Amino acid sequence: MAKGTPSFTSESLAVLKQRYSDAGQAHVFKFFEDLEDETAAAFFDQLSGIDIERCNEFFDRTVRSPAGTEEESVELEPLASGSFASALEGGSQADDLAQWRAEGMRLIRENKVAVILLAGGQGTRLGSSAPKGCYDIGLPSGKGLFEIQAERIRRLQQIAAGAGEQPATIPWLVMTSGPTSAATQKKFADSAFFGLKQEDVFFFNQGVLPCFDLEGKIMLESRGRVAVAPDGNGGIYEALRLSGALDWLRARGVEHVHSYCVDNCLVRVADPVFVGYAALRGA
C-alpha cells in the first residue's frame, strides 16, 4: 500500500477482515495491500457499509436449498370475496364508488396522501440511456412520463381543493438509482418541477446489493471495489427509512401512500377511488 495516512487503523482493518473471513468472503481482500491509500480507504468504507451476513442470507434463501429440508408444497386458493372489489362498470354499486371517491378526496384535501414513484430504471431497452421518466412515448405533445404524471398530480390537487381556502398538496417521492439520480433531479430542476413546488418533491436512491457468482462469492468490479447492482423495487422499504423519507412523510402528516412504476403511462396517480377504498378497508 502506498505510504500516507489511511482513514482506518490496522485494528479496524483486522476486525473487518475477520468479519468477512467468518462469512466466507475473505477473498475480497486479495489485492488490498496493493491499493493506493485513497482507493484502499474507499474500499474499506464500501466493505464496512455492506451487511455481509445479511447479504449471505439473501443468497442462501434465494439460490441454495437449506440442507436436510424439503420444499413445502403450498396450495394456492382464491382470495376471499370480501377482500377485494372492482371499480369497473358493473363491478360495484354506484354508491360504493361514490363513497370511495369521496373518502379519497377528503384524505387528499387534508394532505394525508402521498405518492411514491419508482423511477430507478434507465430506458436502455427503449434505446435511451436517460431515465425512463424522460422518455418521449410518442404523444403529439411530446411530453415525457415525468411531465404527464406531474400534471395529473397538479390537476388532482386542484380538484381536491375545490373552492376551499387551503390548497391540497400531494407530496411526490421519487425513488431513483445511482445511474438515474443526477439526470432525474436535473430534469425536474430544468422543468421547474413541472409546475409543482420544489419543497413537495423528495428524491431518494434505492439501495444496492453486492453481486454474487454462482458459488455464493462476492464479485469484484476492480481490485478495490465490490461489484454492486440496484436491489430492485423490494428495496423501497429500506431506502425510505435510510433516506429520511419516512420522517419527512410523518412530519407532513401523511397517512396513505400510493406507489407506482414510472413506465406506467396510464397510472391514475393517487387515484381517489383506490385510496378511499383502501383507507375504508383499513389497508
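The values are calculated or read from the model by the stated rules, or taken from the named source; none is laboratory data. It should be emphasised that the depicted structure is a prediction, and the values quoted were computed from it without experimental measurement. When we count neighbours, we look across all protein chains shown, and the Cβ atoms used for this are built from the backbone with ideal geometry, even at glycine. Protein only, heavy atoms only, side chains kept; ligands, DNA and RNA dropped before computing areas. Shrake-Rupley method; radii C 1.70, N 1.55, O 1.52, S 1.80 Å.
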Relative packing of 135-142, 151-158, which averages over residues the other C-beta atoms within 10 Å, highest first: 151-158, 135-142
Which one of 196, 145, 16 has the biggest mean-square fluctuation once the chain is modelled by GNM with Cα springs under 10 Å? 16
Share of antiparallel DSSP beta bridges in region 129-283, in percent to the nearest 5? 60 percent
Per-pair calculated FRET efficiency, R0 = 25 Å: residue 61 and residue 110 via Cβ, rounded to 0.05: 0.05
Apply the Karplus curve 6.51 cos²θ - 1.76 cosθ + 1.60, θ = phi - 60°, to the phi angles in region 259-265 and return the couplings in whole Hz, x for Gly and Pro. 10, 7, 9, 4, 7, 8, 6
Report, ordered by chain and residue number, the lysines lying within cross-link reach of residue 217, taken as a straight Cα distance under 23 Å and ignoring same-chain residues fewer than 8 apart. 17, 30
How large is the dipole of the chain about the Cα centre if only Lys and Arg carry +1 and Asp and Glu carry -1, each at its Cβ, rounded to the nearest 20 debye? 980 debye
Note, residue 7: beta-carbon cut-off 11 Å, +1 each Lys/Arg, -1 each Asp/Glu, net -3
Once the other residues with Cβ under 10 Å from the Cβ of residue 280 are scored (Lys, Arg +1; Asp, Glu -1), what is the net sum? -1
Which percent of the accessible area of the chain is formed by carbon and sulfur heavy atoms (probe 1.4 angstrom)? 51 percent
If you place +1 on the Cβ of every Lys and Arg and -1 on the Cβ of every Asp and Glu, how big does the dipole about the Cα centre of region 151-283 come out, in debye to the nearest 20? 140 debye
Once R0 is set to 25 Å, what does the formula 1/(1 + (r/R0)^6) return for the Cβ-Cβ distance between residue 21 and residue 219, expressed as a FRET efficiency to the nearest 0.05? 0.90
Would you work out the charge dipole size for region 234-283 about its Cα centre, treating the Cβ of every Lys and Arg as +1 and the Cβ of every Asp and Glu as -1, and quote it to the nearest 20 debye? 140 debye
Reachable lysines from residue 143, Cα under 29 Å, same-chain residues fewer than 8 places away excluded? 112, 132, 186, 187, 197
Near the amide H of residue 203, under 5 Å away, which other amide H atoms are found, from residues 5 or more places off or on another chain, if H is placed in the peptide plane? 174
So what is the orientation-averaged projected area of the chain, using the convex hull of its C-alpha atoms, in nm²? 21.5 nm²
Segment residue 29-residue 227, length gained on full extension (0.36 nm per residue, minus Cα span): 69.9 nm
Using helices alone, what [θ] at 222 nm do you get for the chain, with -39,500 (n - 2.57) per DSSP H run of 4 or more residues, divided over all residues and rounded to the nearest 500? -11000 deg cm²/dmol
Hey, with R₀ at 35 Å, roughly what FRET efficiency would residue 165 and residue 83 work out to, going by the Cβ-Cβ distance, to 0.05? 0.35
In Å², rounded to a whole number, the accessible area per residue of region 199-272 with probe 1.4 Å is 57 Å²
Quick one: Cα centre-to-centre distance for region 214-283 and region 138-175, in angstrom? 20 Å
Of 193, 260, 14, which is farthest along the charge dipole of the chain in the positive direction, counting Lys and Arg as +1 and Asp and Glu as -1 at C-beta? 193
Convex hull per residue volume in Å³, alpha carbons only, for region 150-213: 98 Å³
Within-14-Å neighbourhood charge of residue 193 [Cβ basis; K, R +1; D, E -1]: -1
Could you give each residue of region 204-217 its phi-based ³J(HN,Hα) in whole Hz, using Karplus coefficients 6.51, -1.76, 1.60 with θ = phi - 60°, and x for Gly or Pro? 8, 9, 6, x, 10, 10, x, 8, 10, 8, 5, 8, x, 9
